[in-house]
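The values are calculated or read from the model by the stated rules, or taken from the named source; none is laboratory data. Note that the coordinates shown come from a computational prediction; the quantities given were computed from them, not determined experimentally. Here the Cβ positions follow ideal geometry from the backbone for every residue, glycine too, while neighbour counts run over all protein chains shown.
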Amino acid sequence: MLAPQQRQFLEEELSRRHFCRLLTKLHAIEGLTDPTTWDVETDRGRTKFQVKNEEDIRRVAGCRVLLVDTHGIRYLIPDYRKLDAGSRRLLERYI
């Protein structure tokens, strides 16, 4: 059992490191050729990142989609079917 301060510190450190960010909305994908720049909304707010090539965008376990940016940061879409229509339309080309 951890003391409350230790637990809070540990949770903050873990949240900044190895866990996937949950991607909740796609605003835009820029670039017709690789690399592409993605403007997205995540569980940590809006951000932009680059994806090196289409191999860094993978469907995994049914309706889940995993993206890896050029820095190795992973973004997870738990169920692409639950995205809004505009986001699904942007994502269709890549899955």
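Before moving on, here are some points about what is shown:
- Applying the condition of being of a type in the set (Val, Ile, Thr) and under 9 Å from the mean Cα position of the chain (by Cα) to segment 20-79 and asking which residue is surrounded by the fewest Cβ atoms within 10 Å (Cβ to Cβ) yields Ile73.
- Annotation note: Cβ proximity below 6 Å between a residue of segment 66-93 that is within 14 Å of Glu41 (Cα to Cα) and a residue that is in a strand (DSSP E or B) and aromatic (Phe, Trp, Tyr) (sequence gap 6+ or interchain) occurs for Leu67/Tyr75.
- For first residues located in segment 36-56 and touching a residue at least 60 places away in the same chain (Cβ under 8 Å), partners that are assigned to a strand (DSSP E or B) and surrounded by 13 or more Cβ atoms within 10 Å (Cβ to Cβ) and lie 6+ apart or on another chain with Cβ distances below 7 Å do not occur.
- Taken together, the residues in segment 42-58 that are modelled with pLDDT of 95 or more and in contact with a helix residue (DSSP H, G or I) (Cβ under 9 Å, 6 or more places away or on another chain) amount to 1.
- Residue count for segment 80-94 satisfying the condition of being basic (Lys, Arg) and surrounded by 14 or more Cβ atoms within 10 Å (Cβ to Cβ): 1.
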